[in-house]
Amino acid sequence: MTRPTIVINFAISADGKISTVNRDPSQFTSAQDHKRLLEIRKRADALLVGRGTLEADNMSMTIPAEMQPRHQPLRCIASRSGKFNPDHKVFQTAGGALHLLVTEPDEVTEFGPLEALGATIHLCSLEEFLRILVVKHGVQTLLCEGGGTLVRSLASLEAIDEVHLTWAAHSLFGGEDAPTITGELSSHLPASIQFELTHFEPLENGECFLSYKRTPHDS
Ligand SMILES: NC(=O)c1ccc[n+]([C@@H]2O[C@H](COP(=O)([O-])OP(=O)(O)OC[C@H]3O[C@@H](n4cnc5c(N)ncnc54)[C@H](OP(=O)(O)O)[C@@H]3O)[C@@H](O)[C@H]2O)c1
């Protein structure tokens, strides 16, 4: 499978959840966590989120100028339905080129308004989209910032190379239906993916930065 190196980043509660059962916005971690996310963004040629995360977290998917990014990464958003809102902040904010993946379009969805805002629409599978990012847009490193539903699809394709977590010992979300980094807990992945811990950094504020790399024998 031709694809970029795929890095994921999440904040998780002490009980391993990325959000509450109500899918509240993910603002339960510190300014240090946000700064670390922006540092990881700086390594990426492209960012990818699911439409659920884009909307829950009202994202613009950019790196602030004061962080002196070498460029603004491509902004990629995945949807099955393609029901993007052209008034959303991401379409109204300057930043990296917008690439919208739509895997199951219906016949009535209009993409003209999104194209008029400069977005490129890709009507294909997630696998094919990852290939296009490499072959046509030179993307070597892609940072997926969630949510769990999208990351589950990447995990099912065995398309995750690095995992960065901020483990927030100060928060417990509970709730059987609260999502984890691979979505809801109700079903297992088709196969295990092995990672090794490469970074462990406890902070004074009750958070811990963790990084994992996929183990070579499993790649
Ligand atoms: N703690 C953290 O670090 C963190 C990070 C990210 C998100 N979150 C939280 O997670 C929650 C959102 O979770 P979620 O699972 O609903 O979000 P999500 O994965 O971002 O969004 C789900 C939507 O994305 C699209 N999608 C997902 N997988 C796809 C695939 N394989 N192909 C095409 N489209 C796909 C679909 O869009 P359509 O409905 O348009 O078809 C789907 O309904 C929010 O509460 C957010 O704050 C937390």
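Cut-off is 10 Å between beta-carbons; in what order do 53, 198 appear when sorted fewest neighbours first?
Details: 53 26, 198 12.
By the 10 Å Cβ count, ascending: 198, 53.
Listed here are the pairs 89/213; 17/213; 35/213; 42/213; which of them are more than 25 Å apart at the Cα? Write down the numbers at each step before the final one.
Numbers: 89/213 33 Å; 17/213 20 Å; 35/213 21 Å; 42/213 18 Å.
Listed pairs above 25 Å: 89/213.
Under 1.5 on a/c is rounded, so check that first for the stretch 117-219, then, if it is not, pick prolate when a/b is larger than b/c and oblate when it is not; a ≥ b ≥ c are the square roots of the alpha carbon gyration tensor eigenvalues.
Values: a/c = 1.66, a/b = 1.54, b/c = 1.08.
Prolate.
Quick check: net charge around residue 140, other residues with Cβ under 12 Å of its Cβ, Lys/Arg +1 and Asp/Glu -1?
On the way: positive: 3, 43; negative: 45, 161.
Local charge sum for residue 140: 0.
For the stretch 56-116 and the stretch 1-36, write down the distance between their C-alpha centroids in whole Å.
First find each Cα centre; the distance between them is then 19 Å.
Excluding residue 23 itself, what net charge comes from residues whose Cβ is under 13 Å from its Cβ, given Lys and Arg +1 and Asp and Glu -1? Show your work: numbers first, answer last.
Details: positive: 17, 51; negative: 24, 55, 57, 177, 184.
My count for the surroundings of residue 23 gives -3.
Diagonalise the Cα gyration tensor of the chain and give the resulting equivalent ellipsoid semi-axes, square root of 5 times each eigenvalue, largest first, whole Å. Could you put the intermediate results ahead of the total?
On the way: eigenvalues 139, 76, 70 Å².
Ellipsoid half-lengths, sorted descending, are 26, 19, 19 Å.
Pairs of Cα atoms under 8 Å, at least six residues apart: use those to get the relative contact order of the chain, whole percent.
31 percent
Looking at the stretch 96-199, which GluC sites (Glu not before Pro) are DSSP coil and have at most 12 other C-beta atoms within 10 Å of their C-beta? Each step should come with its number before you reach the end.
Working: sites: 107, 110, 115, 127, 128, 145, 158, 162, 176, 184, 196; in loops: 107, 110, 145, 158, 176, 184.
Answer by residue number: 107, 110, 176.
Just flag the trypsin sites (Lys or Arg not before Pro) in the stretch 1-84 sitting in loop per DSSP whose Cβ has no more than 16 other Cβ atoms within 10 Å. Could you put the intermediate results ahead of the total?
Working: sites: 17, 23, 35, 36, 41, 42, 43, 51, 70, 75, 80, 83; in loops: 17, 23, 43, 70, 80, 83.
Sparse-neighbourhood loop trypsin sites (Lys or Arg not before Pro): 43, 70, 80, 83.
Throughout, read-outs are computed from the coordinates displayed, never taken from laboratory work. Values in this document were obtained by computation on a predicted structure and should not be read as measured data. Note that each Cβ is placed from the backbone with ideal geometry, even for glycine, and that neighbours are counted across all protein chains shown.
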